[in-house]
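Here's the structure, in structure tokens; my notes come after.
The values are calculated or read from the model by the stated rules, or taken from the named source; none is laboratory data. No experiment lies behind these values; they were computed from the predicted model shown. Don't worry about glycine lacking a Cβ; one is built from the backbone with ideal geometry, like all the others, and counts go over all protein chains shown. The accessibility values were calculated without ligands, DNA or RNA, using every heavy atom of the protein model including side chains. Shrake-Rupley method; radii C 1.70, N 1.55, O 1.52, S 1.80 Å.
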Number of protein chains: 2
Amino acid sequence: MQIATPYLMFLGDVPDRLAAKTAYGINDWRPEWCVGQLRMEGCAADLGIPDLTLEEAVAKGCRTMVVGVVNAGGVLPEHWVTEIVAALRSGLDVASGLHVRLGSIPAIAEAAERHGRALHDVRHTTETFPTGKGTKRPGRRLLTVGTDCSVGKKYTALALERGMRERGFDADFRATGQTGVFISGRGVAIDAVVADFISGAVEWVAPAAEPNHWDLIEGQGSLFHPSFAGVSLGLLHGAQADAFVVCHEPTRTRMRGVEASLPTIQEVIDLTIRCGSLTNPAIRPVGIAVNTQALPEPQARALLSEAEAVHGLPATDPVRFGVEDIVDRIAAEFPA
Amino acid sequence: MQIATPYLMFLGDVPDRLAAKTAYGINDWRPEWCVGQLRMEGCAADLGIPDLTLEEAVAKGCRTMVVGVVNAGGVLPEHWVTEIVAALRSGLDVASGLHVRLGSIPAIAEAAERHGRALHDVRHTTETFPTGKGTKRPGRRLLTVGTDCSVGKKYTALALERGMRERGFDADFRATGQTGVFISGRGVAIDAVVADFISGAVEWVAPAAEPNHWDLIEGQGSLFHPSFAGVSLGLLHGAQADAFVVCHEPTRTRMRGVEASLPTIQEVIDLTIRCGSLTNPAIRPVGIAVNTQALPEPQARALLSEAEAVHGLPATDPVRFGVEDIVDRIAAEFPA
């Protein structure tokens, strides 16, 4: 899936900011692609970028209208359909993170056909993948792994992309979830792939590259999550990760959505090395990323210092304190 | 997916026995369900059961016509479509292991609709599953795991079902692959499930049961297979296995379809315990099943004796020497 940029951000008439979470994520990480927003009457979200009509968006070079919002009840409201059809008529592609497929709505499917525009359903890949092969491929790859779901794996990979590029590395974020796909304009929502093709899809997402090129692959789930560990393992094998960063949220007491307790950071390091060595025997940890949002700064710094001492790895909160130390470690461990 | 039994086995006009592999597997393990076969002119396969017309099959109580054959090129031949439509008209459901969905062929979809018959595409589940929860459920479960794909995991689970039932256990085979689904009339081709739902699908396939009931769950792939380990891990977590049997094929030098070398039996035991303990901390191995078909009997017996000595587990070839010793071990380790 390759989505043409830049984007016109469609916010519809969502009742709050949370319903536009994906749109905010895209605008946070790719402000240069978010040329403007299209809001309908009653919309309570605002990305703080120019409000544009479809005609203005096209004139400013927009290529795709992104539906980066969720709709209550899973049914696409009729007045959104009207606006999506109008966007296609104006010459824009439309990309959606909704559960419902754009092409399943006859008016949208017909308009796309008639005007020769592409529809992208980011949650549903249309790509067919071969099964993973596990054959070592050139290029360097880093995977963010986690003690749980939703602990900052996407954010850490994006922060590393930014931090490494600033330091002169040739580095690309590789998306494996829907918000990530919008942010990079490419990728696969890996949890929506048929089970047989998880590692194959990752081999496609992060293909062979120049020897010093880094792919920074967004992790999913956790090897210790009873719902999603299969996805995490296929992702690890497909990534053939040279390096990994363990992401953690210190205030959580149970794994997200289930009764299981959290693994320790050390358990995640050990099992990631053990399983990851199947497709890359040289796999190693290069850092720990902790979401310390819930902690006052002195407590956050103390926690990170302790993690550094215990694990012998740079530990940081990428949002609060940056990723410099992890980039230093990568530079030291993997000389060009 | 619950397929009504007994079956009329449709063999079409396949050119050889291999093209009817699934049908042979069903007839080997469920001869009591295979009332007869329907063969077209030129068919080179023969299950050795009565040739029946559709009318005779219905009169003998058949409920479902099973298309347990593969078609060259992936396109359903027109004369097979005609026969499938006739079966629906006669009052039979139709179940298929083909890649192409029965319902995607208009003549078949219309006939099923008109006559109120069910179509089952065993490779494609229509069931929607919740994500796995990992919450411990009652009943006992054994999973067959492997050093590789195609090393006898289905066969071992079926042999254990038969052997345990003969010894008075309340035991059911649980299918996770297409041939297994036909054999048990129920189950899910787990590798065709969307990645997020692997463990959830297994929780559905092998649900909570009486405390002394055993589910014998057909394994898939291997935790060491770079293409399919994600499926294997989700299966292990969803199974919450109390016990597992390691299946092995001693003459293989590479993992099926890839360059990776095979793990040792001990590596499979160790990683299965380590990962399986996430959803069942009491998981333990109860046997080793080796496919010794390629070895002369004295060599096979020597290999099994050595495996028993090294691992302290009963080792057998289920086809050649039965599963008595493994059933003994299960009885000893898990008293009622």
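General observations
- 7 Å along Cα→Cβ, label-point gaps from residue B:302 to other copies, nm, shortest first: 6.6
- Amide hydrogen neighbours beyond the local backbone of residue A:171, cut-off 5 Å, H modeled: A:214
- Accessible surface of segment B:7-121 [probe 1.4 Å, protein heavy atoms]: carbon and sulfur percent: 52 percent
- Taking amide H positions as modeled 1.01 Å from N, with prolines and chain starts lacking one, the residues under 5 Å from residue A:209 and 5 or more places away or on another chain are A:139.
- Comparing the full protein assembly with the isolated chain, the residues of segment B:188-216 losing at least 10 square angstrom of accessible surface (1.4 Å probe) are B:191, B:192, B:193, B:194, B:195, B:196, B:198, B:199.
- For segment A:69-191, the relative contact order works out to 18 percent when only alpha carbon pairs closer than 8 Å and six or more residues apart are counted.
- Residues of segment B:262-304 whose accessible area, computed with a 1.4 Å probe over protein heavy atoms, drops by at least 30 Å² once all protein chains are present relative to their chain alone are B:271, B:274, B:278.
- Using θ = phi - 60° and Karplus 6.51 cos²θ - 1.76 cosθ + 1.60, couplings along segment B:214-222 (whole Hz; Gly, Pro as x): 10, 9, 10, 8, 5, x, 9, x, 7
- Highest-MSF residue in chain A out of A:199, A:232, A:90 [GNM, Cα springs under 10 Å]: A:90
- Reachable lysines from residue B:153, criterion Cα separation under 30 angstrom, eight or more residues apart if same chain: A:133, A:136, B:21, B:133, B:136
- Tilt relative to chain A, helix A:153-166 - C-alpha long axis, 0 to 90 degrees, to 10: 80 degrees
- Here is the interface size for B with A: some 2600 Å² of accessible area buried, both sides summed, with a 1.4 Å probe.
- When segment B:202-312 is described by a simple charge dipole with +1 on each Lys and Arg Cβ and -1 on each Asp and Glu Cβ, the residue from B:207, B:231, B:286 located farthest towards its positive end is B:231.
- Nearest 10 degrees, 0 to 90: helix B:78-89 Cα axis against chain B principal axis: 90 degrees
- Degrees, to the nearest 10: A:324-333 long Cα axis against longest axis of chain A: 60 degrees
- Relative contact order of chain B: 15 percent, from C-alpha pairs under 8 Å at least 6 residues apart in sequence.
- Working note: 222 nm ellipticity from helices only, DSSP H runs with n ≥ 4, each -39,500 (n - 2.57), summed and divided by the residues of chain A, gives -10000 deg cm²/dmol to the nearest 500.
- Centre separation in Å (Cα based) which lies between segment A:244-316 and segment B:276-336: 38 Å
- Length-normalised contact order of segment B:230-336 in % [C-alpha pairs under 8 Å, at least 6 apart]: 27 percent
- Rounded to the nearest Hz, the phi-derived 3J(HN,Hα) couplings of segment A:254-261 under the Karplus curve 6.51 cos²θ - 1.76 cosθ + 1.60 (θ = phi - 60°) are 9, 5, 3, x, 9, 8, 4, 7, where x marks glycine and proline.
- Candidates B:180, B:91, B:221, ranked by Gaussian network fluctuation over chain B, Cα under 10 Å, top entry: B:91
- Using a 7 Å Cα-to-Cβ projection, residue A:266 label spacings across copies, nm, ascending: 2.4
- Teacher prompt: residue A:56 distances to equivalent labels in other copies, 7 Å Cα→Cβ, nm: 7.8
- Separation in nanometres of the label points that stand 7 Å from Cα toward Cβ, at residue A:44 and residue A:109: 3.4 nm
- With a 10 Å cut-off around each Cβ of B:131-137, the average count of Cβ atoms from other chains is 5.
- Residue among B:1, A:49, B:171 farthest towards the positive dipole end of the protein assembly as shown, charges placed on Cβ: B:171
- Inter-part distance, segment A:30-97 to segment B:65-128, computed on C-alpha centroids, equals 42 Å.
- Dipole magnitude for segment B:7-121: about 280 debye, using +1 per Lys or Arg Cβ and -1 per Asp or Glu Cβ, origin at the Cα centre.
- Annotation: amide H of residue B:143 within the under-5 Å range of B:217, B:243, B:244, B:245, sequence separation 5 or more or interchain, hydrogens built in the peptide plane.
- Using the Karplus relation 6.51 cos²θ - 1.76 cosθ + 1.60 with θ = phi - 60°, the per-residue 3J(HN,Hα) values for segment A:193-205 come to 7, 5, 3, 5, 10, 4, 5, x, 5, 5, 4, 6, 5 Hz, with x marking Gly and Pro.
- Of the residues B:245, B:327, B:272, the one whose Cα sits farthest towards the positive end of the charge dipole of segment B:208-336 is B:272 (charges of +1 on Lys and Arg Cβ, -1 on Asp and Glu Cβ, taken about the Cα centre).
- Surface per residue (accessible, 1.4 Å probe) for chain B, Å²: 39 Å²
- Highest-fluctuation residue, B:100, B:151, B:245 considered, GNM on chain B with Cα pairs under 10 Å: B:100
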